[in-house]
1. Could you tell me the calculated FRET efficiency between E63 and R185, based on Cβ-Cβ distance and R0 = 51 angstrom, to the nearest 0.05?
2. In debye to the nearest 20, how big a dipole does the stretch 280-395 give about its Cα centre with +1 on each Lys and Arg Cβ and -1 on each Asp and Glu Cβ?
3. Could you list W285, W12 so that the one with the fewest beta carbons within 10 Å of its beta carbon is first and the one with the most is last?
4. Could you please report the charge total around L420, scoring K, R as +1 and D, E as -1 over all other residues with beta-carbon less than 13 angstrom from its beta-carbon?
5. Most exposed first by the Cβ proxy, i.e. fewest other Cβ within 10 Å, how do C364, C99 rank?
6. Please express the shape of the stretch 6-154 as an equivalent ellipsoid: the semi-axes are the square roots of 5 times the eigenvalues of the C-alpha gyration tensor, given largest first in whole angstrom.
7. Given K196/K346; K149/K237; K11/K149; K17/K107, which pairs have Cα atoms separated by over 20 Å?
8. Percent antiparallel among DSSP beta bridges with both residues in the chain, to the nearest 5?
Amino acid sequence: MQRECLDEFYKWKNKRKRKPLILMGARQVGKTWLMEEFAKREFPNDSVLVNFMRKRTLCQQMEKGDIDPDGLIRLLQTATGKRIVPGKTLLLLDEIQECPSALTSLKFFYEDMPELAVVAAGSLLGLSYGSTGDGNRKKAGVESFPVGKVDRLNVHPMTFVEYLLAAGKASLVEAVRAEDWKTVRLLSDEYIRELKYYLVVGGMPEAVDDWVSTGSLAEARRTQLNILADYDEDFKKHAPVEILPKIRLLWNNVPSQLAKENKKFIYSALRPGARAREYEVALEWLKDAGMVLMLNRVCPPRLPISHYADMGAFKLYVHDVGLLGAMSSLDPSVVLEGNALFTNFKGALTEQFVLQELAARNVCAGYWTPDEGISEVDFVVQGTDTVYPLEVKSSTNTKAKSLAVYTKMYGPRFAIKSSLKNFSDSLDVRSLPLYALGLCIRKMIGLDVAIKEEKAWSTTS
């Protein structure tokens, strides 16, 4: 497989002031694979991997002893039987959430042994709360997390581009990357077919590997169901017992909320009389675990989007489109062949796909509705100096009255429509195929240009 975020590893390796790197993200999105692949490429003969899930005794020794780098190096060398040489070795610390002392030690590696390259990974590292085991909530990981002493890399499920590369479709990626829209138009049927497969398989690496290796969607679905079962075990293991039922209720309710025509999350749909304040901690738990994506209403659509977000009005998605289909017991044929009875949820899958692509590329987004009226624009995205409306359709029918209302009210530089229609670039509306959105959106709204200009400035100044 090829993961786009490996580029971030190379940038990190060559930084002048390099800190230990922590990979953040939901369980089974590929953090361990990324660490090991980077080690193979850049430290082929000199990397040391420690998996704290398997080294329980080592965890106990670290909790009892000092956590200065020299002492830890000796302890890790004894546990692994391998030499660790600062300035030469890459130290990989996997499942680091199982050993709080190891997490804390990253601060001292940065301060006292910066020449040692350290990459750590773990699930649920973003959580603010943990379980004491007796039903009481306590702060967990807050004191031990080395704030300001580490670099972080958020790892998402595989993007559509990464899926295409894994499926041996690099030529499709290169045509879009080169903006060869004539070739893309000629191959549109193949792009659409692969996009439909991606909506079923999703971006969890194991499910992608199952599909690519066996050609069996049933095999990929079995893997998705296993992942969902593992997530439920995580709930039981890591969530505070007093909010465990609320976490499960929120998580399991996401598909039914998205199936509504109005996809705004409604707490009363969880159970009669439910209120937001009852579920705030449970929702934050799921967000911190990287398992849900929240899209807030933004009105007025001004910069920065986060400042104008309505925290009480939002849509809630899971972190992977394939898992969303599995949670809904959605038969793959419904997505692949189309079904008139499936119109609303097909739109939800499309929105889920778009939000994943935006999140993986660090594009800040919300959705827009006016204070009065029934208009709604699926996404508003933050560019360098303005906010762009992005309307999403799951077919080639791109009529969008709400987009016209938005344009009349705010006069954006241009609006964006993303559907199965081919690329077009008019003065007022840019049409971007769904299958090209991930590769093109940052450039279209000016983010990549801004990055290049910033790099050029820092080089010459």
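1. The computed FRET efficiency comes out at 0.25.
2. Its charge dipole is roughly 140 debye.
3. By the 10 Å Cβ count, ascending, the order reads W12, W285.
4. Charge balance in the 13 Å sphere: +4.
5. Neighbour counts put them in this order, fewest first: C364, C99.
6. Computed over the stretch 6-154, the values are 23, 18, 15 Å.
7. Those over the limit are K149/K237.
8. 45 percent
Since every read-out is calculated from the coordinates, none of them should be taken as a lab result. Not measured: the values here are computed from a predicted model. Quick reminder, even Gly has a Cβ in these numbers, built from the backbone with ideal geometry, and neighbours come from all protein chains shown.
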